[in-house]
Amino acid sequence: MLNAAAKPLVKLVDRYLPDPYIFVLLLSIVVFAAAVLLEQQSPLQVLQYWGDGFWGLLAFSMQMLLVLVTGFMLASTPLISGLLNVLTKRAKSAGQAIIMVTLISLIASWLNWGFGLVVGALFAKALARQVRLDYRLLVASAYSGFIVWHGGLAGSIPLTIATPGHFSEAQIGVISTSNTIFAGFNLLLLALLLLAIPLVNYLMLPKAGDSIYVDPAKLENTPLPQSSSERPADKLGNSLLLALLVGFAGIAYLVQYFVKGGGLNLNIVNFLFLFLAIVLHGTPRRLLHSLQQAIQGGAGIVIQFPFYAGIMAIMVQSGLAQSMSQWFVSFATAETLAFWSFISAGIVNIFVPSGGGQWAVQAPIMLPAALELGADVSRIAMAVAWGDAWTNLIQPFWALPVLAIAGLKAKDIMGFCLLQLMVTGVIISLVLSFA
């Protein structure tokens with residue numbers, strides 16, 4: 001059984017995986033040294049890359065913080081928390097809970113990656129209040145669905161090359177999503193993962209003696225304190241009319257946006273969560289109370305994302321990411337290029353955890369190689385996309401919002417994620433190479 005295979009991995013990760021902040025500091029040192037030693041860059045020049053790029057993810061950092069905060073606020077509304085509780089009551093056993101949270105996370109992540117991260121974590125937390133099971137595996141299962149995002153409707157690489165005017169159009173033209181997201185090999189891959197990942201998570205269920213449970217009371221939201229003040233300011237804080245006027249204005253904008261053909265992106269997901277939370281909480285005071293609870297888990301995002309921006313700048317500006325990709329391409333053939341593109345993208349993603357940023361780095365290498373070897377350009381693009389998504393399973397960068405909502409540390413879930421990485425890596429490799 002996979003629970004026996006997962007047990008030593010969980011212990012290994014628990015013992016040796018540092019806190020994500022320590023991880024990003026070590027990663028910064030490794031990338032700095034590699035740029036100096038392998039790319040023959042001077043230490044001062046690499047320091048310049050690092051410092052210039054350090055604040056390059058400020059906008060994205062705010063978006064991710066809002067993913068955490070708005071998702072939490074929405075889930076804590078009486079309506080949504082009630083719906084989650086109704087849904088969780090369908091899970092009568094630990095195995096059913098694992099399968100349910102994995103499927104919900106997979107479907108939500110396929111629709112939109114930001115939506116998937118939040119929904120999976122919130123559903124896991126609700127399930128833990130109803131079903132007694134290993135909380136670490138439950139949250140790891142919620143996070144595992146994130147692997148399909150780059151093969152889904154919000155995949156940045158397939159959407160980029162389907163957009164007229166993209167930076168590689170002169171080389172490959174505009175490639176329709178019918179050749180990428182909705183291509184036969186990609187749909188087959190999604191179907192296999194939809195079957196395999198819930199099964200893997202189910203089979204990893206630890207025995208009772210190895211499980212770590214969480215006290216359901218600790219997962220409950222802090223109740224709203226009573227207020228008897230009659231100050232005009234307090235009356236505004238308890239004003240249902242004020243909240244509804246602003247809340248429905250935001251919802252009206254969203255209706256107009258979608259009627260005009262707008263699609264889901266991270267800003268729209270955050271906008272949707274926020275204004276639904278404003279309406280469903282009913283009063284500004286309730287919303288602010290929920291915000292105070294939500295913001296407590298955002299420290300990791302605030303402090304760590306700038307370091308990743310610095311790492312990405314070194315990787316790109318020094319040529320280190322390009323050199324890594326070029327090395328894999330150097331011994332590839334038309335038949336194996338998709339596989340090596342997938343592997344190289346997975347490795348580069350550890351250092352450049354950004355789908356769009358990674359494509360900007362790897363496309364100038366992978367696309368000419370595909371054209372020269374006569375490989376399928378659409379498949380190579382999707383191989384890079386899947387490689388980017390694959391190693392997110394062991395990259396704390398993307399797990400931070402999930403961990404903050406769940407109240408866990410990276411070491412708590414990464415042992416399970418490591419086994420998920422191995423199994424899904426085999427499936428993705430086989431489909432990209434032979435389907």
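The values are calculated or read from the model by the stated rules, or taken from the named source; none is laboratory data. For clarity, every value in this text was computed on a predicted model and none was experimentally measured. Methodologically, a virtual Cβ is constructed for each residue, glycine included, from the backbone with ideal geometry; neighbour enumeration extends over all protein chains shown. Quick note on the areas: whole protein, heavy atoms, side chains included, nothing else; ligands and nucleic acids left out. Shrake-Rupley method; radii C 1.70, N 1.55, O 1.52, S 1.80 Å.
Before moving on, here are some points about what is shown:
- Residue count, region 296-347 (criterion: modelled with pLDDT of 90 or more, within 20 Å of the chain's Cα centre (by Cα) and β-branched (Val, Ile, Thr)): 3
- In the set 177, 163, only one residue is within 21 Å of residue 262 (Cα to Cα) and open to solvent by 60 Å² or more (accessible area, probe 1.4 Å); that residue is 163.
- Where residue 163 falls short, out of the listed (1) within 23 Å of residue 357 (Cα to Cα); (2) not in a loop (DSSP other than H, G, I, E, B): (2)
- Across region 103-125, a minimum of one residue is classified as open to solvent by 10 Å² or more (accessible area, probe 1.4 Å), under 24 Å from the mean Cα position of the chain (by Cα) and under 17 Å from residue 204 (Cα atoms).
- Helices (runs of 4 or more DSSP H) completely within region 31-102 that count 3 or more residues being modelled with pLDDT of 95 or more and buried (at least 16 other Cβ atoms within 10 Å of the Cβ): 43-53
- Sole exception among (1) more than 24 Å from the chain's Cα centre (by Cα); (2) closer than 30 Å to residue 292 by Cβ for residue 84, by number: (1)
- Failed criterion for residue 420 (all others in (1) in contact with a Gly (Cβ under 8 Å, 6 or more places away or on another chain); (2) buried (at least 22 other Cβ atoms within 10 Å of the Cβ) hold): (1)
- Given (1) within 20 Å of residue 432 (Cβ to Cβ); (2) in a helix (DSSP H, G or I), index of the condition residue 375 fails: (2)
- Counted residues, region 210-264 - those being hydroxyl-bearing (Ser, Thr, Tyr) and either part of a helix (DSSP H, G or I) or at pLDDT 75 or above (or both): 5
- Condition met for residue 123 (in contact with a Leu (Cβ under 8 Å, 6 or more places away or on another chain) and of a type outside the set (D, E, K, R)): yes
- Subset of region 293-349 [open to solvent by 40 Å² or more (accessible area, probe 1.4 Å) and either more than 29 Å from residue 370 (Cβ to Cβ) or of a type in the set (Ser, Thr, Tyr) (or both)]: 295, 296, 299, 302, 303, 323, 330, 333, 336
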